[in-house]
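Any read-out appearing in this document is the output of simple, stated calculations on the displayed coordinates, not a laboratory observation. This structure is a prediction, so every number in the text was calculated from the model and none was measured. Cβ: placed from backbone, ideal geometry, glycine included. Neighbour counts: every protein chain shown.
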Amino acid sequence: MRIDIITVLPELIRSPFEASILKRAQQKGIAEVHLHDLKAFGMGKHKQVDDYSFGGNAGMVLRPEPLFACIESLQAERSYDAIIYTTPDGKRFDQKDANQLSLLGNVLIICGHYKGIDQRVRDHFVTHEISIGDYVLSGGELAAAVISDALIRLIPGVLNDETSALTDSFQDDLLAPPVYTRPAEFRGMTVPDVLTSGHAKKIEEWNHAQALARTQERRPDLLGE
Ligand code: 6GU
């Protein structure tokens, strides 16, 4: 998978791609992430990328010319299976979206900023408008990093058996059960006996019951209630 990200603040999201799982995925050649500074396509000697919105709504909007120029220069190199725009008024991102998008080859993410981007860019290019939750961020960059992480970790070969995505919360519409590691007793607090019993079937049943109870308690909406 290749992810291209268009942003006015590339420095804001460089580091997540330079550590841990996302770094290793790129080193293994399984994923590539490329950041593109929109200011390189800015207008005039000040490389302007934004302007006041028509109609008087306070706040700056990214102008169409730099975005069209940037997107078209990327499209000249490859075609995109999805062009995502990160925006709080988009569809709320969930694990099903991540699973589907993780199967794609070339993904372009346009980071919203200020009051957003000119609607003509959305109408002309964007295939997916995505929000990562019901709260407002200063810009779409952190959302783009979140989405990229969620996609890349699902690509076969990125995670090993111990970190397998198959046991993630949400993969079966259940939250993950509690987990324990050594020592079996710490400051008088013990690990549930079943987990140290070596009885695989009983452990699986316990995990499922715990996952169900936790989901019931915290996220009954996932159980359709
Ligand atoms: Cl994608 N962008 C911004 N600016 N805020 C958000 C968001 C995106 N998702 C939730 N809040």
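Once backbone amide H atoms are built at 1.01 Å from N, ASP50 has ARG63 as its partners under 5 Å, excluding neighbours fewer than 5 places away on the same chain. Straightening the chain between ASP51 and GLU11 buys 12.2 nm, computed as 0.36 nm per residue apart minus the Cα-Cα spacing. Site pair LEU103 and GLU72 shows an inter-label distance of 3.3 nm when each label is modelled 7 Å from Cα along Cα→Cβ. Length available on full extension from LYS39 to TYR180: 0.36 nm per residue minus the Cα-Cα distance, which gives 46.0 nm. If the chain linking ASP161 and ASP89 were pulled fully straight, counting 0.36 nm for each residue of separation and taking away their Cα-Cα distance, it would gain 22.3 nm. Once both labels are positioned 7 Å from their Cα atoms along Cα-to-Cβ, the gap between TYR114 and ASP81 label points is 3.4 nm. Restricting the calculation to alpha carbons of the range 65-125 gives Rg and Dmax of 12.4, 34 angstrom. Whole-percent P(r), the range 169-223, all Cα pairs, 5 Å bins from 0: 4, 19, 24, 19, 17, 12, 4, 0.
Across the chain, the mean sequence separation of Cα contacts (distance under 8 Å, 6 or more residues apart), normalised by length, yields a relative contact order of 20 percent. Treating each Cα of the chain as an identical point scatterer and summing with the Debye formula, the log10 of I(q)/I(0) at q = 0.11, 0.16, 0.18 Å⁻¹ comes to -0.67, -1.12, -1.31. Listed cross-link partners LYS39/LYS96; LYS39/LYS91; LYS28/LYS202; LYS23/LYS91 are compared with a 31 Å cut-off, the Cα-Cα value being larger for LYS39/LYS96; LYS28/LYS202.
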